[in-house]
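Here's the structure, in structure tokens; my notes come after.
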Amino acid sequence: MDKLIITAAICGAEVTKEQNPAVPYTVEEIVREAKSAVDAGAAIVHLHVREDDGTPTQSKERFKQCIDAIYEVCPDVILIPSTGGAVGMTAEERLQPTELFPEMATLDCGTCNFGDDVFENTMPMMRAFGKRMLENNIKPEYECFEMGHLDTILTMARKGLVPADPMQFNFVLGVAGCTPATVDNLCWMVKSIPAGSTWTATGIGRHAFTLAAPTIVMGGNVRVGFEDNLYISRGVLARSNGELVEKVVRLSRELGRDIASSAEARQILGLKAR
Ligand code: KMH
Ligand code: ZN
């Protein structure tokens, strides 16, 4: 079994300092959280950015500022900027970070409920996102919140509308209104992906660690972070993204699986060395 790749989703677009004061907004705070996650064992940082007041933004300039600042202190880390942004943003707004030619970026695989909101990813939007990733040589991380999202993206890959060499999936389970974070659902998704693909699982809220444990045993990779979950244990706020990553490292070591460095993660994901 390959070593475990841990992704830290350090910021997200929806969580706030009111919910957990350690949620980062400023460039300095984003760098602090990225470093805490990487120092703890994360090979990848999934990145959203904010204005200083916490407003989510997909501004190319803000992404560049944050990416450059993170590379100053974590030169080897794999950064996966979001093209999901925040609910309600336009496709053009969301695509801005792809103009920076990151090695990877998320590509969301269909429309779904998102709590009280609808997270819109229509077929024309997804075709535009796929085209941009093909043109800019970006490896997508395919975010699937629903069973149907997986089928949709596999059909697009067969038609050559998105990169597929090989595919990296992130199964985000437990979003309110979407596929629940059960082991059965995870198994169904994992057994549906093409041979040679890689996959990550993200359990939302209280499912962060209950989904991490079976994922470690099944040979998948794990995402944790404030974007997905603000608590280190029931009722106890995490003090940093690093603390969440440390818990996954402990679980994995107990289960006998070593942790991948960023260089090792690049090999596993088929990315060029940095
Ligand atoms: N903020 C969510 C609505 C992504 O990063 O690609 C979407 C999201 C997905 O976070
Ligand atoms: Zn995200």
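The values are calculated or read from the model by the stated rules, or taken from the named source; none is laboratory data. Being a predicted model, the structure only gives us computed values, none of them experimental. Here Cβ is always computed from backbone atoms with ideal geometry, including for glycine, and neighbour counts include all displayed protein chains. We work out accessible area using only protein heavy atoms, side chains counted, and drop any ligands, DNA or RNA first. Shrake-Rupley method; radii C 1.70, N 1.55, O 1.52, S 1.80 Å.
Tabulated data
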quantity	calculated
Selection status of Ile80, under 26 Å from Pro180 (Cα atoms), open to solvent by less than 50 Å² (accessible area, probe 1.4 Å) and touching a residue at least 12 places away in the same chain (Cβ under 8 Å)	yes
Restricting segment 1-26 to residues that are more than 18 Å from Ile232 (Cβ to Cβ) and crowded, with 18+ Cβ neighbours inside 10 Å, the residue that is farthest from ligand 1 (Cβ to nearest atom)	Leu4
Breaking point among (1) among the charged types (D, E, K, R); (2) surrounded by fewer than 22 Cβ atoms within 10 Å (Cβ to Cβ); (3) away from ligand 1 (no atom under 12 Å from the Cβ); (4) touching a residue at least 40 places away in the same chain (Cβ under 8 Å), for Lys64	(4)
Cβ pairs under 9 Å, 6+ apart, first in segment 114-143 and within 21 Å of Ala201 (Cα to Cα) and basic (Lys, Arg), second assigned to a helix (DSSP H, G or I) and away from ligand 1 (no atom under 12 Å from the Cβ)	Lys139/Met133; Lys139/Leu269
Ala273 vs. criteria surrounded by 20 or more Cβ atoms within 10 Å (Cβ to Cβ) and over 17 Å from the mean Cα position of the chain (by Cα)	no
Elements of type strands (runs of 3 or more DSSP E) contained in segment 96-159, each with 2 or more residues being under 19 Å from Arg266 (Cα atoms)	104-108, 139-144
Extreme residue, nearest to Leu134 (Cα to Cα), among residues of segment 165-187 that are crowded, with 20+ Cβ neighbours inside 10 Å and away from ligand 2 (no atom under 16 Å from the Cβ)	Met167
